[in-house]
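**Student:** Shown below is the structure under consideration.
The values are calculated or read from the model by the stated rules, or taken from the named source; none is laboratory data. Predicted model, so just to flag it, every value in this text is computed and none were measured. Reconstructed Cβ throughout: ideal geometry from the backbone, glycine too, with neighbour counts over all protein chains shown. Note: areas computed on protein heavy atoms with side chains; ligands, DNA, RNA excluded. Shrake-Rupley method; radii C 1.70, N 1.55, O 1.52, S 1.80 Å.
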Amino acid sequence: MKPIPLILDCDPGHDDALAIILAAKNPALKLIGITTVSGNGGIAKVTLNARRIATLVNLHVPIAEGAGKSILGEVEEATDIHGESALDGAELPEPKVELSKLHAVDLMAELLRDSNEKVTIVATGPLTNVALFLKMYPALKEKVNEIVFMGGSATRGNRTPFAEFNIWMDPEAADVVLRSGLPLTMCGLDVTHQALVTKEIFAKLESMGTSVSKTIIGLLKFFAKTYDEVFEMPDPPLHDPVAVALLIDRSVVKCRKVNVQVELTGTLTRGATVVDLHDRFGARANCEVALELDFKRFWELMLDAIAQSAITK
Ligand code: RIB
Ligand code: CA
């Protein structure tokens, strides 16, 4: 089976870092570029983190810096969860992977233009870059195979009671993507809150004993501490790799294709994804929504990618 070409747009962030590793190390995928967007941290921080993680796992692909603010110019950092650097908890290598001179949106365009096959876009941060790409390069939309994004929720939010962080950071961008007409798969909190880093998973990481696994343990222990402090979740949810894992093995998640819209004007609900599970609006089913996770299969893929990342001296 030919590997699936993909671009990962992210805001590293602890779970984004693991998504990079999974996308880079599983042979079913061909990661052709990484683009960054501000979210978990400011754009400079998340871009440096992407380059550091790429260096950690000997990954050499184009990395381009993207939007530092939402379409409407808002910006916020999730330092309460990801720390001051946006990737606290472990010593990371100085980046050896160069930063592209292109803006993220232009790198997306270049990669799609040069590809002789359609390319999948996986977004694990706010959707600003993806929305800007769709607006600036409409002719290249046909080169996008599908968009898989971590974001939203069919129930409660995490940044506000009803809005999940990635969508809340740029609801207008999410609206552009949801109206794009492209094949969409949403991995919201409903499914990502099943991707827990349990004590058993930590024990499996400890048993690896590689420099990469030790670094990841440090990162995930920090993530576990902040998640417990903020959300009283002792086992933190590893959101972003779920969006990558389903490309490797679609059976990792169970989805339902329904209508998804985003609230743009609600005083208390702005940024909420309205997931019409029972077709109450009678509107077009525009998005596959992942609702169930095959925990065992997910961690099989994630742990294997970490094991494959061991730095060979
Ligand atoms: O709500 C969780 C999402 O927001 C994850 O992608 C996390 O990395 C942050 O970007
Ligand atoms: Ca993220």
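**Student:** Could you let me know the centre-to-centre spacing of the stretch 225-241 and the stretch 48-77, using Cα atoms, in angstrom?
**Tutor:** 22 Å
**Student:** Using Cα-Cα distances under 8 Å and only pairs 6 or more residues apart, what relative contact order does the stretch 22-94 have, in percent?
**Tutor:** It rounds to 37 percent for the stretch 22-94.
**Student:** Would you kindly derive the ³J(HN,Hα) couplings of the stretch 271-285 from the backbone phi angles with the Karplus curve 6.51 cos²θ - 1.76 cosθ + 1.60 (θ = phi - 60°), listing them in order in whole Hz, with x for Gly and Pro?
**Tutor:** x, 6, 8, 9, 9, 8, 4, 10, 6, 6, 8, x, 8, 4, 6
**Student:** A follow-up question, please. Compute a Gaussian network model of the chain, connecting alpha carbons closer than 10 Å, and tell me which residue from VAL244, VAL275, VAL289 fluctuates the most.
**Tutor:** Its mean-square fluctuation being the largest, the pick is VAL275.
**Student:** Taking 8 Å as the Cα distance limit and 6 or more residues as the minimum spacing, I'd like the relative contact order of the chain as a percentage.
**Tutor:** 20 percent
**Student:** Same structure, new question: Roughly how compact is the stretch 1-88, stated as its Cα Rg over 2.2 N^0.38 Å to two decimals?
**Tutor:** Normalised by 2.2 N^0.38 Å, the Cα Rg of the stretch 1-88 equals 1.08.
**Student:** Let me ask something else. Run the numbers for PHE231 and LYS96: contour at 0.36 nm per residue of separation, minus the present Cα-Cα distance, in nm.
**Tutor:** 45.1 nm
**Student:** Also, quick follow-up: Could you give the length gained on full extension between THR55 and THR198, defined as 0.36 nm per residue of separation minus the Cα-Cα distance, in nm?
**Tutor:** The THR55-THR198 span can extend by a further 48.8 nm.
**Student:** Give me the one-decimal nm value for the distance between modelled label points at ASP114 and LYS214, 7 Å along each residue's Cα-to-Cβ direction.
**Tutor:** 3.7 nm
**Student:** Here is a further query. Over the stretch 70-204, what is the relative contact order in percent, taking alpha-carbon pairs closer than 8 angstrom and at least six residues apart?
**Tutor:** 25 percent
**Student:** With springs only between Cα atoms under 10 Å, which of PRO183, PRO138, PRO234 fluctuates most in a Gaussian network model of the chain?
**Tutor:** Of PRO183, PRO138, PRO234, the Gaussian network model singles out PRO138 as fluctuating most.
**Student:** Going by amide H atoms built from the backbone, whose H comes under 5 Å of the H on ASP9, apart from near neighbours?
**Tutor:** When sequence neighbours closer than 5 places are left aside, the close amide H contacts are THR35, VAL122, ALA123, THR124.
**Student:** Next question. Express the accessible area of the chain per residue in Å², computed with a 1.4 Å probe while the remaining protein chains stay in the model.
**Tutor:** Accessible area per residue, the chain: 41 Å².
**Student:** Let me ask you something else. For the stretch 10-27 and the stretch 148-181, what is the separation of their Cα centres, given in Å?
**Tutor:** Spelled out, the Cα-based centre of one part sits 20 Å from the other.
**Student:** Amide H neighbours of ILE4 under 5 Å, counting only residues 5+ apart in sequence or on other chains, H built in-plane at 1.01 Å?
**Tutor:** Those lying under 5 Å, H to H, from ILE4 are LEU29, LYS30.
**Student:** As an exercise, use a Förster radius of 25 Å and the Cβ-Cβ distance of ARG179 and GLU74 to find the FRET efficiency, rounded to the nearest 0.05.
**Tutor:** Working from the Cβ atoms, E equals 0.80.
**Student:** Using the membrane-span-like helix rule (whole DSSP H runs, Cα extent along the own axis of at least 18 Å, mean Kyte-Doolittle hydropathy at least 1.6), which helices of the chain qualify?
**Tutor:** Passing helices, by number: none.
**Student:** Of the beta bridges DSSP finds with both residues in the chain, what % are antiparallel, to the nearest 5?
**Tutor:** Bridges in the chain are about 30 percent antiparallel.
**Student:** Please report how far the C-alpha centroid of the stretch 80-133 lies from that of the stretch 242-313, rounded to the nearest whole angstrom.
**Tutor:** 19 Å
**Student:** Report the local net charge at LYS2: Lys and Arg +1, Asp and Glu -1, summed over other residues whose C-beta lies under 12 Å from its C-beta.
**Tutor:** +1
**Student:** May I pose another question? For the stretch 112-153, which GluC sites (Glu not before Pro) pass both filters: DSSP loop (anything but H, G, I, E, B) and at most 12 other C-beta atoms within 10 Å? Walk me through the numbers before you get to the answer.
**Tutor:** Working: sites: GLU117, GLU142, GLU146; in loops: GLU117.
Sparse-neighbourhood loop GluC sites (Glu not before Pro): GLU117.
**Student:** Further, regarding this structure: May I ask for the net charge around ASN166, where only other residues with Cβ less than 10 Å from the Cβ of ASN166 are counted and Lys, Arg are +1 while Asp, Glu are -1?
**Tutor:** Around ASN166, the charge tally is -3.
**Student:** So for the chain, considering every pair of alpha-carbon atoms, how many percent are separated by more than 29 Å?
**Tutor:** For the chain, the fraction of Cα-Cα distances above 29 Å is 27 percent.
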